[in-house]
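Just below is one structure, and these are the notes that go with it.
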Amino acid sequence: MNIRTLFEDDAAVSPVIGVILMVAITVILAAVIGSFVLNLGQGIQQTAPQASFGFDYANDSVDVTHESGDTVVAAQVNVTSAAAIDYSGSTLFAGTVSAGDTATYNLSGTEWNGETVRVVWASEDGSTSATLSQSTAPAI
């Protein structure tokens, strides 16, 4: 056996490299197609804004004020509570909500009395939500 001939013979190099490249291209295509099929990139740009809200309670209403942070689309913000909020008689956020904007939420026939009030943000498609601020009303 001639060792010199063994190092100079490169007849099988091209098919091996070709097979490796074909496998690599197949794996990359499978990963890309799989991410589209499984919808893995859907929620990447739907992150919750960073905003702080203040709460000022009266007997039958609460003023919710955007104190600082990101501007939020009003349609994506909801003020919730276990207490019965009368949304029809309230002054709600409109347009965009930025620092200094205030909305007043009225109760329907009861008092706050220790209820927790939350400002909840929801993404445009409704797939994600986050509580931006929450407060507990003083007990009466």
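Just checking, how many residues over the range 42-61 are part of a strand (DSSP E or B) and at pLDDT below 90?
The qualifying residues number 2.
Would you pick out the residues in the range 92-102 that are at pLDDT below 90 and either among the basic types (Lys, Arg) or surrounded by 13 or more Cβ atoms within 10 Å (Cβ to Cβ) (or both)?
Within the range 92-102, Leu92, Phe93 qualify.
The values are calculated or read from the model by the stated rules, or taken from the named source; none is laboratory data. What you are looking at is a predicted structure, and each value in this text was computed from that prediction instead of being measured. Quick reminder, even Gly has a Cβ in these numbers, built from the backbone with ideal geometry, and neighbours come from all protein chains shown.
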